[in-house]
Amino acid sequence: MWPESSENQQPELRSGLTTGCCATACCVAASQALLAGKQPENVEVLLPRGQLVELEIIAYQQLENEQGIRTATIKDAGDDPDVTHGATVFVELRLTKEPGVVFKPAAGVGTVTREGLVLDVGEPAINPVPRKMMTEHLQKAADVYGYEGGFEVAVGVEKGEQIALKTMNPRLGIIGGLSILGTTGIVRPYSCAAYIASIRQGVDVAKANGTKHLAATTGSTSEAAIKAHYNLDDMALIEMGDFVGALLKHLRKEPVEKLSICGGFGKMTKLANGHMDLNSRSSSIDFQHMAMLAEKLGANAPLLEKIHNANTSMEVLKLCQEAEIDLAQAVCTQALLVAEGFVHKTQPQVEIEVWATDRKGNFVGHAQGKASNRNVSGSLNGEQQ
């Protein structure tokens, strides 16, 4: 936790730069090395929104037996929890006779193998905005130095294949490494833009490959539970983490037939309370809200006092279970109301259900279908988990 300032506010978090920005910087340095014989220690990159940033180039290496050079920089994600923070991004730039820019994957950058992404199958996983940034900077270098040929750009990330295992790339069908990402060139701290992009890509890939039932989970425990329950293929599993709002927002544009939301009980209490970001930095467990739900289910005054004084959501769940108050079902029903209220504004045909699990991955609550047709204390079509 950040130390408090004199005004009792957290200090401003530091922004970082995307892998696409890093790759562009490497192209700038490599083009100067090949076309002008220069090897600058720092280069400038013009970002899509007009901001000029400076990056350090840590290495220049001539490619053996080729008219090309390898340049590298270190990815700085600022204060964002990015798995690529500190990674070495590099470019192997080669001059070609034909004008234009051709992109290839170097070690650590993946290749697209499934339909549904913005890139065609067989293409290196270098997204459109980074491609545009690199192309524009290389064309500028060609104009400055009077070069009339083209460029072959191979983008790589050291240890990228291992780092990619911590991302959703393998599930998206991006094989062999990371994606080169970025729409603005800037990583906003705790925006987790890359994670949200992966959620959207997961939905798009699943739909493009004929998947009609998606299961969105908050973590590995809930994912294992819902996968086993429905015997789902990995492509149907969307690890949304805390970003349920990002998932539901994308489904308003790209609907599916059925969505199962599955997460830990505590996370589902936050969704039930209307929160779309389930991370503790953005939302807290609301014991008063749980007490209100429990009271509607018949909880007496002593139990309500215990709920108000509890330390964790699981403690509240246990207290209610002992009193035969089905709080988990009520939480799931309320969470379903929230999710349906959001998605059904534009996509009323999407069937939604909510599952809550305990820490061991056991289902403790479930709500399905049109939650608006039930009150909080109503039955769930005979299903009790």
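The numbers here are math on the coordinates, done by the rules we state, and not lab data. Quick caveat: nothing in here was measured; it's all calculated off a predicted structure. Cβ: placed from backbone, ideal geometry, glycine included. Neighbour counts: every protein chain shown.
May I ask for the percentage of alpha-carbon pairs in the chain that lie more than 33 Å from each other? Here the tail beyond 33 Å accounts for 42 percent of pairs. Which angle from 0 to 90°, rounded to the nearest 10, does the C-alpha axis of helix 327-343 make with the longest principal axis of the chain? Roughly 50 degrees, rounded to the nearest 10. Based on the Stokes-Einstein relation at 25 °C and a viscosity of 0.890 mPa s, and on the Kirkwood radius from alpha carbon pairs, the range 181-283 is assigned a translational diffusion coefficient of 174 µm²/s. Between 113, 333, 19, the GNM of the chain built on Cα springs shorter than 10 angstrom shows 113 fluctuating the most. Using Cα centres only, tell me the gap between the range 157-171 and the range 211-239 in whole Å. Their Cα centres are 20 Å away from one another. Considering helices alone, the calculated mean residue ellipticity of the chain at 222 nm is -10500 deg cm²/dmol, with DSSP H runs of length four and up weighted by -39500 (n - 2.57) and normalised per residue. The charge dipole of the range 207-279, taken about the Cα centre with unit charges on the Cβ atoms of Lys, Arg (+1) and Asp, Glu (-1), comes to about 260 debye, rounded to the nearest 20.
Each of 323, 255, 16 was scored by the projection of its Cα onto the charge dipole of the chain, and the greatest displacement toward the positive side belongs to 255; charges sit on the C-beta of Lys, Arg, Asp and Glu. Loop-located GluC sites (Glu not before Pro) in the range 46-122 (DSSP state other than H, G, I, E, B) with a sparse environment of at most 15 neighbouring Cβ atoms within 10 Å: 64, 66, 115. Once the chain from residue 351 to residue 121 is taken as fully extended at 0.36 nm per residue, the excess over their C-alpha distance is 79.7 nm.
Computed FRET efficiency, Cβ-Cβ of residue 289 and residue 230, R0 51 Å: what is it to the nearest 0.05? The computed FRET efficiency comes out at 0.95. Computed from backbone phi, the HN-Hα couplings of the range 106-123 come to 9, 4, x, 10, x, 10, 6, 10, 10, 6, x, 8, 6, 9, 6, 4, x, 7 Hz, rounded to whole numbers (Karplus: 6.51 cos²θ - 1.76 cosθ + 1.60, θ = phi - 60°; Gly and Pro given as x). Amide H contacts for residue 261 (H built 1.01 Å from N in the peptide plane; partners 5 or more residues away or on another chain; cut-off under 5 Å): 216, 353, 354, 355. Simple spin-label estimate for residue 65 and residue 97 gives 2.0 nm between the two label positions (7 Å along the Cα-to-Cβ direction from each Cα). As a length-normalised measure over Cα pairs under 8 Å and 6 or more apart, the relative contact order of the range 21-103 settles at 27 percent. Each residue, residue 308 and residue 249, gets one label point 7 Å from its Cα in the Cβ direction; the gap between the two is 3.7 nm.
Residue separation of residue 136 and residue 85 scaled by 0.36 nm, minus their Cα-Cα distance, works out to 15.8 nm of gained length.
If you build a Gaussian network model of the chain, linking Cα atoms that sit under 10 Å apart, which residue out of 39, 67, 347 swings the most? Looking only at 39, 67, 347, the largest GNM fluctuation is found for 67.
Compute the angle between helix 19-36 and the longest alpha-carbon principal axis of the chain, please, reported from 0 to 90 degrees and rounded to the nearest 10. Tilt relative to the chain: about 0 degrees. Modelled spin-label separation between residue 144 and residue 41, with each label point placed 7 Å from Cα along the Cα-to-Cβ direction: 1.9 nm. For the chain, modelled as a GNM whose springs connect Cα atoms under 10 angstrom apart, the maximal fluctuation among 65, 127, 209 occurs at 65. Basic side chains Lys and Arg get +1 at the Cβ, acidic Asp and Glu get -1 at the Cβ, and with that the dipole of the range 82-202 about its Cα centre reaches some 360 debye. Each Cα pair under 8 Å and six or more residues apart adds its separation to the average, and for the chain the resulting relative contact order is 13 percent. Taking Cα centre as origin and charging only the Cβ of basic (Lys, Arg, +1) and acidic (Asp, Glu, -1) residues, the dipole magnitude of the chain rounds to 660 debye. Computed extension length for residue 183-residue 113: 23.0 nm, one decimal, from 0.36 nm per residue of separation with the Cα-Cα distance subtracted. Here the 3J(HN,Hα) profile of the range 213-228, calculated from phi with Karplus coefficients 6.51, -1.76 and 1.60 at θ = phi - 60°, is 10, 10, 10, 9, 10, 8, x, 5, 5, 5, 5, 4, 5, 6, 5, 5 Hz, Gly and Pro shown as x. Considering only 141, 307, 178, and ranking their Cα positions along the charge dipole of the chain that arises from unit charges at the beta-carbon of Lys, Arg, Asp and Glu, the one farthest toward the positive end is 307.
Measuring between their Cα centroids, the range 78-156 and the range 262-308 lie 47 Å from each other. Exceedance of the 26 Å cut-off in Cα-Cα distance is limited, within the set 159/249; 132/345; 249/360; 38/132; 166/249; 38/140, to 159/249; 132/345; 249/360. 3J(HN,Hα) along the range 133-144, derived from phi through the Karplus expression 6.51 cos²θ - 1.76 cosθ + 1.60 where θ = phi - 60°, amounts to 4, 5, 4, 5, 6, 5, 5, 5, 4, 4, 5, 4 Hz, with x in place of Gly and Pro.
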